[in-house]
Amino acid sequence: DSREQYAHFLLQSNVATRLVEFREAGELRMVSIVDELADGLSSVYTFFDPLIAKASFGTFNILWQIEEAQRRGLQYVYLGYWIGQSRKMSYKNQFRPIEGLSRGEWKRLA
């Protein structure tokens, strides 16, 4: 994929998109790409230092988004794509309720 395709996937949006850096002792550890919506925050993509695999960055990111949404008075945090059988996405299973948008309706998944 080209650099333009990458930028389009992550940064081209009809809403405000923010890149949030998380550092530890000045070292970049994780970047969270978040869409800012009228009613909440939506997780677009998260990437992190691969040398620190057991740090639970995904969980940390969700907890940060929940706190940030509460601080702003926003009602929702959208966790983005979720594939129930995906090991890499399994950290999202810790948060309840899990709802998904299907055919224009929000439905409880777990």
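The values are calculated or read from the model by the stated rules, or taken from the named source; none is laboratory data. Here the structure is a predicted model, which means the values were calculated and not measured. FYI the Cβ positions are ideal-geometry reconstructions off the backbone, even for glycines, and counts take in every protein chain you see.
Among the residues of the range 71-86, which ones are of a type outside the set (A, V, I, L, M, F, W, C) and in a loop (DSSP other than H, G, I, E, B)?
Going residue by residue through the range 71-86, those that are of a type outside the set (A, V, I, L, M, F, W, C) are 71-73, 75-76, 78, 80-81, 84-86.
Result: GLY73, GLN75, GLY80, TYR81, GLY84, GLN85, SER86.
Give GLY73, GLY84, GLY80 a once-over and let me know the one that is among the small types (Gly, Ala, Ser) and surrounded by 14 or more Cβ atoms within 10 Å (Cβ to Cβ).
Working: GLY73 fails: surrounded by 14 or more Cβ atoms within 10 Å (Cβ to Cβ); GLY84 fails: surrounded by 14 or more Cβ atoms within 10 Å (Cβ to Cβ).
It is GLY80.
Please work out if PHE9 is at pLDDT below 95, of a type in the set (Phe, Trp, Tyr) and farther than 16 Å from ILE66 by Cβ.
Considered against the rule, which asks whether it is at pLDDT below 95, of a type in the set (Phe, Trp, Tyr) and farther than 16 Å from ILE66 by Cβ, PHE9 comes out as yes.
Could you list, in sequence order, all residues of the range 28-55 that are exposed (fewer than 13 other Cβ atoms within 10 Å of the Cβ) and either under 22 Å from ARG87 (Cβ atoms) or among the charged types (D, E, K, R) (or both)?
Start the filter on the range 28-55 by keeping residues that are exposed (fewer than 13 other Cβ atoms within 10 Å of the Cβ), which leaves 28, 38-39, 47, 50-51, 53-54.
Once the filter is applied, which keeps residues that are exposed (fewer than 13 other Cβ atoms within 10 Å of the Cβ) and either under 22 Å from ARG87 (Cβ atoms) or among the charged types (D, E, K, R) (or both), the range 28-55 yields ASP39, PHE47, PRO50, LEU51, ALA53, LYS54.
Based on what the data block shows, is GLU68 touching a residue at least 24 places away in the same chain (Cβ under 8 Å), in a helix (DSSP H, G or I) and acidic (Asp, Glu)? If you could, list the steps in order and put the result at the bottom.
On the way: touching a residue at least 24 places away in the same chain (Cβ under 8 Å): yes; in a helix (DSSP H, G or I): yes; acidic (Asp, Glu): yes.
Criteria met by GLU68.
Scan the range 96-108 for residues that are over 20 Å from LEU63 (Cα atoms) and not acidic (Asp, Glu) and jot them down. Spell out the reasoning first.
Here is the first cut: in the range 96-108, the residues over 20 Å from LEU63 (Cα atoms) are 101-108.
Passing the criteria: LEU101, SER102, ARG103, GLY104, TRP106, LYS107, ARG108.
Would you tally the residues in the range 87-109 being among the aromatic types (Phe, Trp, Tyr) and either loosely packed, with under 13 Cβ neighbours inside 10 Å or assigned to a helix (DSSP H, G or I) (or both)? Give the derivation first.
So the first thing to find is which residues in the range 87-109 are among the aromatic types (Phe, Trp, Tyr), and the list is 91, 95, 106.
Retained after the next criterion (residues that are either loosely packed, with under 13 Cβ neighbours inside 10 Å or assigned to a helix (DSSP H, G or I) (or both)): 91, 106.
Of the residues in the range 87-109, 2 are among the aromatic types (Phe, Trp, Tyr) and either loosely packed, with under 13 Cβ neighbours inside 10 Å or assigned to a helix (DSSP H, G or I) (or both).
Taking the stated definitions as given, is ASP49 in contact with a strand residue (DSSP E or B) (Cβ under 8 Å, 6 or more places away or on another chain) and either within 23 Å of TRP106 (Cα to Cα) or touching a residue at least 40 places away in the same chain (Cβ under 8 Å) (or both)? So that I can check it myself, show each step before the final result.
Values: in contact with a strand residue (DSSP E or B) (Cβ under 8 Å, 6 or more places away or on another chain): yes; either within 23 Å of TRP106 (Cα to Cα) or touching a residue at least 40 places away in the same chain (Cβ under 8 Å) (or both): no.
Here the answer is no, as ASP49 does not meet what is asked.
What about SER13, is it assigned to a loop (DSSP other than H, G, I, E, B) and in contact (Cβ under 8 Å) with a residue 12 or more places away in the chain? Spell out the reasoning first.
Working: assigned to a loop (DSSP other than H, G, I, E, B): yes; in contact (Cβ under 8 Å) with a residue 12 or more places away in the chain: yes.
When the stated conditions are applied, SER13 passes them.
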